[in-house]
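Comments concern the structure below.
The values are calculated or read from the model by the stated rules, or taken from the named source; none is laboratory data. Note that the structure is predicted; figures quoted are calculated from it, not measured. Counting neighbours? That spans all protein chains shown, and the Cβs are built from the backbone with ideal geometry, glycine included. Only protein heavy atoms, including side chains, enter the accessible area calculation; ligands, DNA and RNA are left aside. Shrake-Rupley method; radii C 1.70, N 1.55, O 1.52, S 1.80 Å.
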Amino acid sequence: KLNAPVQQADGTFLGGNLFASTDGSAKITAANITLSSGWLNGTVHLLSSRTPDAPSGENSNIGNMISAMDKKQEFKTPAGTISFNGTFQECFTNMVNVEAIDQKSATTSLKNYLTVTTQLANSKDSVSGVNQDEEVMNMMQFNTSLNAASRLMTALDETLSTIISSMGLVGR
């Protein structure tokens, strides 16, 4: 509320909220936060002082905002539980550190998953995969065996044919 609008003597307002909700509700959350329309169109700006008739150069309100940043506060989740207790800078530093740890953890997990996936794919290929070099060698060996068996059958057929035809001539 350090920058709440202040009504001037002429009825105009200075200051205003930097953030608003996209759904028009009074509660601002990470899901509905947006810049207020006054800040976007330039009609609202930081107030140097909360006193309407303050002399130029008065900057007590800006000092109040800086002091508020250095004050220890409770930072709460939307559910109302305290997520951090400290200054704004300490909270920001904590968020950056937590985010860095989460990113490192996610990167390590991804690398592990990729390694396991690659190992599983290689294991599957070694069990069910066909080595083309071995298959060609086997086909050449079986082809040679088939040719030898074919020659043997041809030789046996000729021998049997000769025996049968010669036996018919024995008794003449």
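Between rounded, prolate and oblate, where does region 55-128 land on the alpha carbon gyration tensor, with a ≥ b ≥ c its root eigenvalues, rounded for a/c under 1.5, else prolate if a/b exceeds b/c?
Taking the square roots of the gyration eigenvalues as a ≥ b ≥ c, region 55-128 is prolate.
Roughly how many Å² of Lys124 are accessible to a 1.4 Å probe, to the nearest 10?
Near enough 130 Å² of accessible area.
Using the crude model of +1 on Lys and Arg Cβ and -1 on Asp and Glu Cβ, and no other charge, please compute the dipole size for region 98-147 relative to its Cα centre, in debye to 20. Intermediate values should be presented prior to the final figure.
Details: 3 positive and 6 negative charges, 33 e Å.
Charge dipole of region 98-147: 160 debye, to the nearest 20.
Given a 1.4 Å probe and every protein chain left where it sits, what share in percent of the accessible area of region 44-131 is carbon and sulfur? Walk me through the numbers on the way to the answer.
Numbers: 4050 of 6930 Å².
Ligands and nucleic acids excluded, carbon and sulfur give 58 percent.
For a quick check: with amide H placed at 1.01 Å from N, whose amide H comes under 5 Å from Gln73's, ignoring anything fewer than 5 positions away on the same chain?
Under 5 Å from the amide H of Gln73 lie the amide H atoms of Gly86, Thr87, each far enough along the sequence or on another chain.
Where is the GNM fluctuation largest for the chain (alpha-carbon springs, 10 angstrom cutoff): Leu156, Leu18, Leu114?
Leu156
Given a 10 angstrom Cα cut-off, can you work out which residue in Ser37, Ser145, Ser60 is the most mobile in a GNM of the chain?
The residue that fluctuates most here is Ser145.
Count the net charge of all other residues whose Cβ sits under 12 Å from the Cβ of Thr87, scoring Lys and Arg as +1 and Asp and Glu as -1.
On the way: positive: Lys71, Lys72; negative: Asp70, Glu74, Glu90.
Around Thr87, the charge tally is -1.
Between Thr51 and Phe19, what's the calculated FRET efficiency when r is the beta-carbon distance and R0 is 25 Å? Round to 0.05.
After rounding, the FRET efficiency stands at 0.55.
Mean 1/r over all different Cα pairs, inverted: what Kirkwood radius does the chain give, in Å?
25.7
Please work out the average accessible area per residue across region 72-172, using the 1.4 Å probe convention, and give it in Å².
On the way: 8930 Å² over 101 residues.
On a per-residue basis, region 72-172 sits at 88 Å².
Work out the FRET efficiency for Ala68 and Thr118 from their Cβ-Cβ distance, taking R0 = 45 Å, and round it to the nearest 0.05.
It comes out at approximately 0.30.
For Thr87 and Asn41 in the same chain, what is the full-extension length gain: residue separation times 0.36 nm, less their Cα-Cα distance, in nm?
Stretched fully, the Thr87-Asn41 segment lengthens by 13.5 nm.
Gln103 versus Val130, label points 7 Å from Cα toward the beta carbon: distance in nm?
4.8
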